[in-house]
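Student: Once you've had a glance at the structure underneath, I'll fire off some questions.
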Amino acid sequence: MHTVASPNVAPKNIAARDPVRSHPRLALALGCALVCVSLAVRPADADDRVYPVQGSLVSGDIQKITPAQVTIAVRNEPKNYQLSDVRKITFDDEPKELDRAREQVLLGQFDQALDEVNKIDLSSIQNPLIRQDIEFYRAYCEGKLGLAGAGDKKKAYDGLMALVRANSQTHHFYPICEMLGELAAAAGQNAKPFYEKLLEAPSPETIAMGVYRLGEVELAAGNT
């Protein structure tokens with residue numbers, strides 16, 4: 001610890017009493033360490049992120065995203081993940097309410113998720129992928145609540161149709177198709193075209209869901 005010098009007494013040999021200043025190599029090492037820490041922390045806070053169902057999250061820059069797959073560059077090396085193996089995707093500089101909404105959707109808390117999404121000012125969002133996510137979760141939650149008798153099914157249907165028409169390669173394509181099928185069936189309309197899209201997915205789980213949903217349509221029509 002440094003002693004406080006008397007106003008009338010000049011401190012002697014400060015460098016000798018300061019372990020950092022008295023050891024230039026130590027000072028350089030500490031300086032480099034601080035720079036490395038700052039460089040290590042900053043990208044983790046700023047990057048896009050992919051959260052696999054199994055394994056650790058991956059941070060980097062999303063290069064491509066399709067209904068089936070996301071490609072993220074990690075230190076300039078592209079890595080591909082099937083969306084069926086991904087729990088969620090987050091984007092650099094997205095509103096904190098958006099990720100809270102994602103988590104609540106995963107927990108089935110659609111009313112709370114919709115509240116979070118409705119807090120976001122869409123006009124302030126420039127990233128098209130973030131805008132897609134906001135529009136998707138707003139319409140998707142509205143649809144889930146509508147099917148439970150607490151939301152606006154038509155508003156959800158129109159919102160999802162507008163989203164998929166404007167973004168045919170959205171990574172939410174298959175969940176949108178399934179929800180549109182459910183909303184169409186609830187309105188007494190033909191749900192089969194939406195469910196048949198699920199059969200085109202590369203994921204066996206999505207294909208199985210398509211078969212199941214088409215079976216529901218046939219049962220509802222009495223075609224046992």
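The values are calculated or read from the model by the stated rules, or taken from the named source; none is laboratory data. This structure is a prediction, so every number in the text was calculated from the model and none was measured. Virtual Cβ from ideal backbone geometry, glycine too; neighbours counted across all protein chains shown. When the accessible area is computed, the model is the full protein with side chains, heavy atoms only, and any ligands, DNA or RNA have been set aside. Shrake-Rupley method; radii C 1.70, N 1.55, O 1.52, S 1.80 Å.
A quick yes/no check of all residues on (1) out of contact with any Phe, Trp or Tyr (no Cβ under 8 Å at 6 or more places or on another chain); (2) of a type outside the set (A, V, I, L, M); (3) open to solvent by 40 Å² or more (accessible area, probe 1.4 Å); (4) modelled with pLDDT of 95 or more:
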site	(1), (2), (3), (4)
I130	no, no, no, yes
F136	yes, yes, no, yes
L147	yes, no, yes, yes
A150	yes, no, yes, no
K154	yes, yes, yes, yes
R165	yes, yes, yes, yes
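Student: Let me spell it out: the conditions are (1) in contact with a Cys (Cβ under 9 Å, 6 or more places away or on another chain); (2) open to solvent by less than 70 Å² (accessible area, probe 1.4 Å), and C177 meets all of them except one. Which number is the exception?
Tutor: (1)
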